[in-house]
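First the structure, in the form of structure tokens, and then the observations on it.
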Amino acid sequence: MSPTDQDIDRECLRSAPSIRLRGWMSAGLWQQRAISFLYAMILPATAAIAWQVVGDLHLLPPIIFPSLSKIASTTLDTLTGYSGTSEWYSGKWYVHAVASLGRVLVGFVIGGSLGTMCGILVGMFERVHKILDPSIQMLRPIPVVAWIPLAVAWFGIGNPPAVFLIALGTFFPTYLNTLHGVRYVDPILVRASQMLGYTSGWEKFRTVVLWSALPNIFTGLRVGLGIAWICVATAEMLAVKSGFGYLLWDSYNFLRVDLIITGMISIAAVGFLSDRLMLLVQRTVLKWES
Amino acid sequence: MQQVKLSCSRVRKMFVSASSETLALDETSLDVHDGEFLCLLGPSGCGKTTILNLFAGFERPTSGTLWLNNKSIQGPGMDRGVIFQEHALFPWLTVGDNVASGKRVQAQPAERRGTVVGRYLAMVGLTGFENHYPRQLSGGMRQRVAIARGLANEPEVLLMDEPFAALDAISRGLLQVELVRIWELTRKTIVFVTHNIEEAVLLADRVAIMTSRPGRVRDILEINLARPRDVNGVEFNAIEKHLRELVVDQSVFGKQADGSHRMTAPVSR
């Protein structure tokens, strides 16, 4: 029995919605991204509206619960100095951004390079592992914040204790990830490099170990960079008179909650951008992975 | 009488762990002639990969000696190229850089390196893939690159450890044919480990049949068939049948000390 025209029509109608759906699905990646962005914005948008309403109606004391527009204008003033509402921080955003960034950069470079070097040495040489790793593991459970009093006692007030803390915070994740990467190199790749003529320890490192460990080293550096921003905020509250951490704490002392929130947003923004930059470097270096 | 390229005599290899000792190879002797294609054939666990790793210098024998050109083998070296079961390409290098990664190739000036890469990629049929990463290739293509990399470093011997076992039947068939062609072109000495009887008959000048537990070379079968060989030919099938009997005989019936045969059937409960 062959299908009648009616059968065919009915079949077409039945399959029509799925065809439409498939067309919609393939409409483009950017559409899907836009939709997930909308989903992601539901909660923040609701919170922002609620915040603004609470602030406008003075349901809570504005001194501890400033309205959203107040925070926005304060943030804008720290950036441009157009109204002077943020007092001595008016137009000084960049000064503090540079101060924090500088500390993070110096501490991160010191801690990251030390962590990478120690991870490689400990991973490559069994004897270095026996000597160094237990000590590092003993120091690791001490929270970085717990080092602050000692750091200030040793290095005084100023940049040195801040850089020390950031370097310390960066060191451990970089060390651990590098060590893992170096120790778990695929042995078949080591054999491949040996049969190609690279038989010495240095050649093994240069041709295989470094490259295999590179993704892990980058993971460690990214985690370390995140911790560096935690450390800089903490250190600046106690040891120095500049940077976003200092801005936060100083604003608390003068009960400027709008400025506190400005400081929080600023740290998040700069931290996020530095992580994106790191990711960009990672993708450029590890181009065989993408 | 052909010249001996690679040999081992009375080699034993014991693997020792905390809980057990395993004798992987027992008193094994083998001569590989210069320019020949030798297959090591045996069931899994018979120590054929162990022999290859000893020849490659990746492992040291418990006793006995291995020679290359009458010089004893002390460790890995670029006079012996190895093709592994998994391609073992460097994932961070492009196909071209992988082929050029051997120490001998690296020692040459850059423009010369380019020529070498081009020649060996053409030999394995992958011209134009220089700038791909291994990740972007199929399993068969990766294994071709591995062969090109091994050959480009100009080893005297090629040691191949079940290089086509992980491939699909079609890719395997193609690569077998191409390997014979490449071998006829370069006349490298090849030691090729396989558990595939048809593969051994198709490729080898001589097949060394191994027994398991402990591993040992039991028989050597010469295959006097003109190339290219036809897997459906009468002679081919006769040799394959004969070889199958030899292999099955030694893997199903373990030989007792008194020379009688013992059935090692699976234990049923």
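The values are calculated or read from the model by the stated rules, or taken from the named source; none is laboratory data. Quick caveat, the model's predicted, so the values are computed rather than measured. Positions of Cβ are generated from backbone atoms using ideal geometry, with glycine treated the same way; all protein chains shown enter the neighbour counts. Please note that ligands, DNA and RNA were not included when accessible areas were found on the heavy atoms of the full protein model with its side chains. Shrake-Rupley method; radii C 1.70, N 1.55, O 1.52, S 1.80 Å.
Would you call B:GLY81 open to solvent by less than 70 Å² (accessible area, probe 1.4 Å), within 12 Å of chain A (Cβ to nearest Cβ) and in a strand (DSSP E or B)?
Considered against the rule, which asks whether it is open to solvent by less than 70 Å² (accessible area, probe 1.4 Å), within 12 Å of chain A (Cβ to nearest Cβ) and in a strand (DSSP E or B), B:GLY81 comes out as yes.
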Exactly one condition in (1) open to solvent by 80 Å² or more (accessible area, probe 1.4 Å); (2) at pLDDT below 90; (3) of a type outside the set (Asp, Glu) is false for B:SER212; which is it? (1)
Looking at the range A:150-204, what helices (runs of 4 or more DSSP H) fall wholly within it and have at least 3 residues that are surrounded by fewer than 22 Cβ atoms within 10 Å (Cβ to Cβ) and touching a residue at least 12 places away in the same chain (Cβ under 8 Å)? A:159-183
When restricted to A:VAL257, A:VAL270, A:VAL281, A:VAL285, the only residue away from chain B (no Cβ under 14 Å) and within 30 Å of B:ASN131 (Cβ to Cβ) is A:VAL281
Residues that are open to solvent by less than 10 Å² (accessible area, probe 1.4 Å), among the charged types (D, E, K, R), more than 14 Å from chain A (Cβ to nearest Cβ) and outside any loop (DSSP other than H, G, I, E, B): does the range B:40-50 have at least one? yes
Pairs under 9 Å by beta carbon, first residue within 15 Å of B:GLN85 (Cα to Cα) and basic (Lys, Arg) in the range B:38-55, partner assigned to a loop (DSSP other than H, G, I, E, B) and open to solvent by 10 Å² or more (accessible area, probe 1.4 Å), six or more apart or different chains? B:LYS48/B:GLU162; B:LYS48/B:HIS195
Which residues, counting only those in the range A:270-290, are under 18 Å from B:PHE90 (Cα atoms) and of a type in the set (A, V, I, L, M)? A:VAL285, A:LEU286
If you go through B:VAL105, B:VAL124, B:VAL116, the only one that is out of contact with any strand residue (DSSP E or B) (no Cβ under 6 Å at 6 or more places or on another chain) and either on the phi > 0 side of the Ramachandran plot or within 13 Å of another protein chain (Cβ to nearest Cβ) (or both) is B:VAL105
Of all residues in the range A:18-51 being modelled with pLDDT under 85 and open to solvent by less than 70 Å² (accessible area, probe 1.4 Å), the one that is nearest to A:ASP258 (Cα to Cα): A:GLY28
I'd like to know if the range B:60-76 contains one or more residues that are open to solvent by less than 50 Å² (accessible area, probe 1.4 Å), in contact (Cβ under 8 Å) with a residue 24 or more places away in the chain and within 14 Å of the chain's Cα centre (by Cα). no
Can you work out which of the residues in the range B:183-196 that are touching a strand residue (DSSP E or B) at 6+ places or on another chain (Cβ under 9 Å) and either of a type in the set (Phe, Trp, Tyr) or open to solvent by 10 Å² or more (accessible area, probe 1.4 Å) (or both) is modelled with the highest pLDDT? B:PHE192
Give just the number: which of (1) among the hydroxyl-bearing types (Ser, Thr, Tyr); (2) within 14 Å of another protein chain (Cβ to nearest Cβ); (3) over 26 Å from B:GLU154 (Cα atoms) does A:SER200 not satisfy? (3)
